[in-house]
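Engineer: Just passing along the structure, written as structure tokens.
The values are calculated or read from the model by the stated rules, or taken from the named source; none is laboratory data. Everything numeric here is computed off the predicted structure, so don't read it as measured data. No Cβ is skipped: glycine too gets one built from the backbone with ideal geometry, and neighbour counts run over all protein chains shown.
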Amino acid sequence: MKVLSIALNTFRENLRDKLLYNLLVFALLMIGSSLLLMRLTLGEFHRLLLDVGLGSINIFGVLIAIFVGIGLVNKEIEKKTIYTIVSKPVARYQFLVGKYLGLTITLFVNTLIMAGGLLLVLVAQEVPIDGMLFKALGLIFIEFMVITAVALLCSTFTSATLSAIFTLAAYVIGHLTADLKTFGAKMGEGGQMLLNGLYYVLPNLERFNLKGHVIHHLEVSGSDLLLIVAYGLIYVTFLLVSASIIFQRRDFR
Amino acid sequence: MEVSLASHHRIASTVNQFLAYLGGGLLLVSLGWFQGELDRQQDRTAVQIEGLGQLPKGEYLRPALLGYHHLGADILWLKLLQVIGNKRNSADEYEWMYHTLDVLTTLDPQYAYAYYAGGVILGDLANRPDLANRLLEKGTEANPTIWNIPFLLGYNHYFLLGDPEKGAKYIMRAASLPDHPAYLPGLATRMAAEAGNPETALAFLDARLRETQDPEMREFFVNRMKEVMIERDIHMLERAVTAYQTAHRSLPATLQALVAEGVLSGLPLEPFGGEYRLDAMTGSVSSSTHSERLRTFYKRKQASVALLPKIEPAYVFPRTWE
């Protein structure tokens, strides 16, 4: 209950953030611009609409997750509003989870709006829409959840600027972890152990990337999809637990 | 006194504001002028193509795109189309186009249309069947169920490289794949059976024509078909001249004499609207619109680079980032 009221409050607070609207408008503009780009291409027009659309949803969602996510805890500390909350009978982990859920709701609404824009473009251009598109959008949303959790974790121990840099770095690394394993295979035993360890600990965000499956009409089996979703949710839980542990020990001054 | 000071201030601030707007406008205009002048200084398309030549290898570019490699492939495709739009491209420009297509298909190996269109551009327009076939072979490996990639490979081997046997092999592979057009198996068997027959060549060109939407390429195929028809007619007329010669122990004076003597039932129409002429001294036949003969109907007038003596390796691009 406490978690939910913090979540809803965070959601309302997010809605007042101008940055959110800027990013959202840009995302919708990008999706719309695919209509112009489509006229320049030759061959597979559908592909361009889907690629630009899904790409915009993904990148702008990640930017929202990072730049709104880093402010979640930091802003409360800077404005000293955190004192009024921690002095109430609310556990610190509840506060964190509430904040996290609030941004997740914001992101969910945003994803719905952006997906609505994409669907509008697709319907207007009479592009056949298959189930894979929704699976891909779902996994993009799980990626947002992971990124938000990383941003929240960073914002529990460092400043907003550093959190943004760390989270962006985590996003970049998250898409490159598959290469860590490849590099590891070429190294000595010590290097291989280290890189393999990193490979398993760091988030593998490439798992949530089904954008190519949509344009090439490739299928993903239900069990694979389930495993990917479970992987994402467990990763989020891991990050939130880590964030709670750090936040529990933090002194607000 | 005070009133006039206030109004003086108001006028001054209006003037300042006006000057600021004017300055901003002038700066904007000069920016546009500089941009235009820079464009004039450099050949924009040359710059665009060189930009494509400097692309890093797909294997390195792909991870750098952080999961947006399909979008990257789309952007490269758009950039490539701007360059292909030029009527004439130089020889190295086609190598750079091959490089771009190679990078693009590494970013998205399932981009079937890029393989096919790239194969057409490199094979038919650039006369580089070596590069076209390399791209198409990569395409068949990544997309073993798409029929039009081996189909184009078969076409390139048959027409551009003059290897009907290999051509038939690829067409047969295309005919075994899902969604292939109904005429493919017949074409493949005919090609294997009677390699080097103009009728087969015409059937093949007709097949290409049916698969092509682009008006420029359609025109290209229609012209090619007409050229093959001229070759077929000249073969037929020269056979008739030889038959006339053995029967009458002299060459006919005109081609009409062949019809008059009953060697031929009628003269074929020249497909470009010209006429066939007989050289009464040598007995050779030529077309009034196409004086140059195709040595064999499937080889092009301009020798393909791949047909010239081989200098290994044929393709050494890219040189700078290995």
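Engineer: Scanning for something part of a helix (DSSP H, G or I), away from chain B (no Cβ under 14 Å) and either among the small types (Gly, Ala, Ser) or farther than 30 Å from A:Ile82 by Cβ (or both), does the range A:202-220 turn up at least one residue?
Structural biologist: Looking for residues that are part of a helix (DSSP H, G or I), away from chain B (no Cβ under 14 Å) and either among the small types (Gly, Ala, Ser) or farther than 30 Å from A:Ile82 by Cβ (or both), one finds none in the range A:202-220, hence no.
Engineer: Something else about it: Under the condition of being closer than 26 Å to B:Gly58 by Cβ and buried (at least 23 other Cβ atoms within 10 Å of the Cβ), which residue from the range B:158-173 is farthest from the chain's Cα centre (by Cα)? Working first, answer last.
Structural biologist: Step one: of the range B:158-173, the residues closer than 26 Å to B:Gly58 by Cβ are B:160, B:170, B:173.
Narrowing the set further to residues that are buried (at least 23 other Cβ atoms within 10 Å of the Cβ) leaves B:160, B:170.
On the way: B:Leu160: 12, B:Tyr170: 20 Å.
My answer is B:Tyr170.
Engineer: On to the next question. Restricting attention to the range A:166-193, which residues are away from chain B (no Cβ under 14 Å) and under 22 Å from B:Glu59 (Cβ atoms)?
Structural biologist: Matches in the range A:166-193: A:Gly184, A:Ala185, A:Lys186, A:Met187, A:Gly191, A:Gln192.
Engineer: Considering only the range B:117-142, state which residues are within 14 Å of chain A (Cβ to nearest Cβ) and surrounded by 21 or more Cβ atoms within 10 Å (Cβ to Cβ).
Structural biologist: Correct list: B:Ala117, B:Gly118, B:Gly119, B:Val120, B:Ile121, B:Gly139.
Engineer: Would you mind finding the one in B:Ala243, B:Ala253 that is surrounded by 12 or more Cβ atoms within 10 Å (Cβ to Cβ) and over 15 Å from B:Ala203 (Cα atoms)?
Structural biologist: Numbers: B:Ala253 fails: surrounded by 12 or more Cβ atoms within 10 Å (Cβ to Cβ).
One residue alone meets the criteria, B:Ala243.
Engineer: Whether any residue in the range A:156-178 is touching a residue at least 60 places away in the same chain (Cβ under 8 Å), buried (at least 19 other Cβ atoms within 10 Å of the Cβ), in contact with a His (Cβ under 8 Å, 6 or more places away or on another chain) and not β-branched (Val, Ile, Thr) is what I want to check.
Structural biologist: No: the range A:156-178 contains no residue that is touching a residue at least 60 places away in the same chain (Cβ under 8 Å), buried (at least 19 other Cβ atoms within 10 Å of the Cβ), in contact with a His (Cβ under 8 Å, 6 or more places away or on another chain) and not β-branched (Val, Ile, Thr).
Engineer: What are the pairs with Cβ atoms under 7 angstrom where one residue, in the range A:237-249, is touching a residue at least 12 places away in the same chain (Cβ under 8 Å) and the other, located anywhere, is among the aromatic types (Phe, Trp, Tyr)? Sequence gap at least six, or different chains.
Structural biologist: A:Leu240/A:Tyr100; A:Ser244/A:Tyr93; A:Ile246/A:Phe157
Okay, residues lined up against (1) assigned to a helix (DSSP H, G or I); (2) within 14 Å of chain A (Cβ to nearest Cβ); (3) of a type in the set (Phe, Trp, Tyr):
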site	(1), (2), (3)
B:His8	yes, no, no
B:Phe18	yes, no, yes
B:Leu22	yes, no, no
B:Gly32	yes, no, no
B:Leu61	yes, yes, no
B:Leu71	yes, yes, no
B:Ile75	yes, yes, no
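Engineer: Right, here's the next one. What are the residues in the range B:78-135 that are among the polar types (S, T, N, Q), in contact with a Lys or Arg (Cβ under 7 Å, 6 or more places away or on another chain) and in a helix (DSSP H, G or I), if any? It would help to see each step written out before you state the result.
Structural biologist: Start the filter on the range B:78-135 by keeping residues that are among the polar types (S, T, N, Q), which leaves B:82, B:86, B:89-90, B:100, B:105-106, B:110, B:127, B:133.
Filter once more, so that each one left must be in contact with a Lys or Arg (Cβ under 7 Å, 6 or more places away or on another chain): B:105-106, B:127.
Matches in the range B:78-135: B:Thr105, B:Thr106.
Engineer: For B:Leu153, are the conditions met, namely being closer than 30 Å to B:Gly283 by Cβ, crowded, with 18+ Cβ neighbours inside 10 Å and in contact (Cβ under 8 Å) with a residue 12 or more places away in the chain?
Structural biologist: Values: closer than 30 Å to B:Gly283 by Cβ: no; crowded, with 18+ Cβ neighbours inside 10 Å: yes; in contact (Cβ under 8 Å) with a residue 12 or more places away in the chain: yes.
Spelling it out, it is not the case that B:Leu153 is closer than 30 Å to B:Gly283 by Cβ, crowded, with 18+ Cβ neighbours inside 10 Å and in contact (Cβ under 8 Å) with a residue 12 or more places away in the chain.
Engineer: One residue is enough: does the range A:115-128 have a residue meeting the conditions farther than 26 Å from B:Ala112 by Cβ and surrounded by 15 or more Cβ atoms within 10 Å (Cβ to Cβ)? Break it down into steps so the answer makes sense when it comes.
Structural biologist: If we filter the range A:115-128 for residues that are farther than 26 Å from B:Ala112 by Cβ, which is where we start, we get A:115-117, A:120.
Those still in the list that are surrounded by 15 or more Cβ atoms within 10 Å (Cβ to Cβ) too: A:115, A:117.
Yes, there is a match, as at least one residue in the range A:115-128 is farther than 26 Å from B:Ala112 by Cβ and surrounded by 15 or more Cβ atoms within 10 Å (Cβ to Cβ).
Engineer: What number of residues within the range A:223-232 satisfy the criterion of being touching a residue at least 60 places away in the same chain (Cβ under 8 Å) and exposed (fewer than 13 other Cβ atoms within 10 Å of the Cβ)? Can you show your working first?
Structural biologist: Restricting attention to the range A:223-232, the residues satisfying the condition of being touching a residue at least 60 places away in the same chain (Cβ under 8 Å) are A:225, A:228-229, A:232.
Adding the requirement that they be exposed (fewer than 13 other Cβ atoms within 10 Å of the Cβ) leaves none.
Number of matching residues: 0.
Engineer: A follow-up question, please. Of the conditions (1) at pLDDT 85 or above; (2) touching a Pro at 6+ places or on another chain (Cβ under 7 Å), B:Met229 satisfies every one except a single condition; which number is it?
Structural biologist: (1)
Engineer: Looking only at the range A:29-68, how many residues end up being under 18 Å from the mean Cα position of the chain (by Cα) and either more than 11 Å from chain B (Cβ to nearest Cβ) or surrounded by fewer than 17 Cβ atoms within 10 Å (Cβ to Cβ) (or both)?
Structural biologist: Residues flagged as under 18 Å from the mean Cα position of the chain (by Cα) and either more than 11 Å from chain B (Cβ to nearest Cβ) or surrounded by fewer than 17 Cβ atoms within 10 Å (Cβ to Cβ) (or both) within the range A:29-68 amount to 9.
Quick grid of which residues meet (1) in contact with a His (Cβ under 6 Å, 6 or more places away or on another chain); (2) part of a helix (DSSP H, G or I); (3) modelled with pLDDT of 80 or more; (4) within 28 Å of A:Glu44 (Cα to Cα):
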| site | (1), (2), (3), (4) |
| --- | --- |
| B:Lys166 | yes, yes, yes, no |
| B:Arg173 | no, yes, yes, yes |
| B:Leu177 | no, no, yes, yes |
| B:Gly186 | no, yes, no, no |
| B:Arg208 | no, yes, no, yes |
